[in-house]
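**Q** One structure, pasted below without further comment.
The values are calculated or read from the model by the stated rules, or taken from the named source; none is laboratory data. Predicted model only: the values in this text are computed from it and were never measured. Every residue, glycine among them, receives a Cβ derived from its backbone with ideal geometry; neighbour counts consider all protein chains shown.
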Amino acid sequence: MRIDIVTVLPELIRSPFEASILKRAQDKGLVEVHFHDLREYGTGKHKQVDDYPFGGGAGMVMMPGPIFECIEKLQSERKYDEVIYMTPDGQTFNQRHANSLSLVENIIILAGHYKGVDQRVRDHLITLELSIGDYVLSGGELAAAVVSDAIIRLLPGVLNDETSALTDSFQDNLLAPPVYTRPAEFRGWEVPDVLKSGHFEKIEEWRHEQAMERTKERRPDLLNDKK
Ligand code: ADE
């Protein structure tokens, strides 16, 4: 898989890809992540990428020219399955989006800034608009990193234990059950007996019950959410 991230602040988004699982995935050749500095496509001496909004109002708007130029250059080099724009008014990103995006070959993620991008970019270039939640970040970079992380960890071979993504929260619309490790007793608090029983079926049953209970208590909306 290949992810191309288009941004005015590449330095804000590089570091999450330079450590741990995301770095290993790239080192193993399972994903390529490329960063594109929109300023290189800016106009004039100052490499301008934004301008005042028509009709007035606060804040600057990202101009269509540099964005079209950068993304169309990428599209001339390979076919992209989605051109994603990170924006608080997009669809709320969830595990279903992550699952389906982990199956595609190439995606572009555009990180917005200022008051957002000119509507013509959204109308004619973008194929999917995603939000990572109902709050406003200072730019789309951190949101692009969140979405990329959730996708990359699902690629086959990225996680060491291949089954571990299957037991994540949300994979079956249930939150994950509690987990414990050694010591079996810590400050007088004991690990539930069933987990130490070695009885695989009972353990699975207990985990399922706990997952149901947790989901009912914390996220009852998930139980009615048809996949
Ligand atoms: N850009 C600013 N806020 C955002 C959010 N909540 N999700 C995605 N992109 C954003």
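**Q** I'd like to know if region 67-77 contains one or more residues that are within 16 Å of the ligand (Cβ to nearest atom) and either hydroxyl-bearing (Ser, Thr, Tyr) or in contact (Cβ under 8 Å) with a residue 12 or more places away in the chain (or both).
**A** First, pick out the residues of region 67-77 that are within 16 Å of the ligand (Cβ to nearest atom): 67.
From what's left, either hydroxyl-bearing (Ser, Thr, Tyr) or in contact (Cβ under 8 Å) with a residue 12 or more places away in the chain (or both): 67.
Within region 67-77, one or more residues are within 16 Å of the ligand (Cβ to nearest atom) and either hydroxyl-bearing (Ser, Thr, Tyr) or in contact (Cβ under 8 Å) with a residue 12 or more places away in the chain (or both).
**Q** Give the residue, chosen from 83, 61, 33, 8, that is in contact with a Ser or Thr (Cβ under 9 Å, 6 or more places away or on another chain), within 16 Å of the ligand (Cβ to nearest atom) and either among the aromatic types (Phe, Trp, Tyr) or within 20 Å of residue 130 (Cα to Cα) (or both). Working first, answer last.
**A** On the way: 61 fails: in contact with a Ser or Thr (Cβ under 9 Å, 6 or more places away or on another chain); 33 fails: within 16 Å of the ligand (Cβ to nearest atom); 8 fails: in contact with a Ser or Thr (Cβ under 9 Å, 6 or more places away or on another chain).
Exactly one residue qualifies, and that residue is 83.
**Q** Moving to a separate point now. Output the residues belonging to region 97-123 that are in a helix (DSSP H, G or I), touching a residue at least 12 places away in the same chain (Cβ under 8 Å) and farther than 10 Å from residue 151 by Cα.
**A** Step one: filter region 97-123 for residues in a helix (DSSP H, G or I), giving 97-101, 119-123.
When the remaining residues are screened for being touching a residue at least 12 places away in the same chain (Cβ under 8 Å), the result is 97-99, 101, 120-122.
Those that are in a helix (DSSP H, G or I), touching a residue at least 12 places away in the same chain (Cβ under 8 Å) and farther than 10 Å from residue 151 by Cα: 120, 121, 122.
**Q** Kindly list the number of the only condition in (1) among the hydrophobic types (A, V, I, L, M, F, W, C); (2) away from the ligand (no atom under 15 Å from the Cβ); (3) in contact (Cβ under 8 Å) with a residue 60 or more places away in the chain that fails for residue 49.
**A** Condition not satisfied by residue 49: (3).
**Q** Turning to a different aspect of this structure: So how many residues does region 107-123 have that are surrounded by fewer than 18 Cβ atoms within 10 Å (Cβ to Cβ) and at pLDDT 95 or above? So that I can check it myself, show each step before the final result.
**A** Quick first cut of region 107-123, residues surrounded by fewer than 18 Cβ atoms within 10 Å (Cβ to Cβ) only: 114-115, 119-120, 123.
Still in the list and also at pLDDT 95 or above: 119-120, 123.
Here the count works out to 3.
**Q** Test residue 147 against the criterion of being at pLDDT 95 or above, in contact with a Phe, Trp or Tyr (Cβ under 7 Å, 6 or more places away or on another chain) and assigned by TED's automatic domain parsing to the domain that holds residue 88, and give yes or no. Walk me through how you get there before you give the answer.
**A** Values: at pLDDT 95 or above: yes; in contact with a Phe, Trp or Tyr (Cβ under 7 Å, 6 or more places away or on another chain): yes; assigned by TED's automatic domain parsing to the domain that holds residue 88: yes.
Yes: the conditions hold for residue 147.
**Q** Please go through region 128-169 and give me each residue that is in a loop (DSSP other than H, G, I, E, B) and within 16 Å of the ligand (Cβ to nearest atom), ordered by number.
**A** Step one: list which residues in region 128-169 are in a loop (DSSP other than H, G, I, E, B), which gives 132-140, 153-169.
Once the filter is applied, which keeps residues that are in a loop (DSSP other than H, G, I, E, B) and within 16 Å of the ligand (Cβ to nearest atom), region 128-169 yields 132, 133, 134, 135, 136, 137, 138, 139, 140.
A quick yes/no check of all residues on (1) over 15 Å from the mean Cα position of the chain (by Cα); (2) among the aromatic types (Phe, Trp, Tyr); (3) not in a helix (DSSP H, G or I):
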position	(1), (2), (3)
39	yes, no, no
54	yes, yes, yes
58	yes, no, yes
67	yes, no, no
71	yes, no, no
76	yes, no, no
89	yes, no, yes
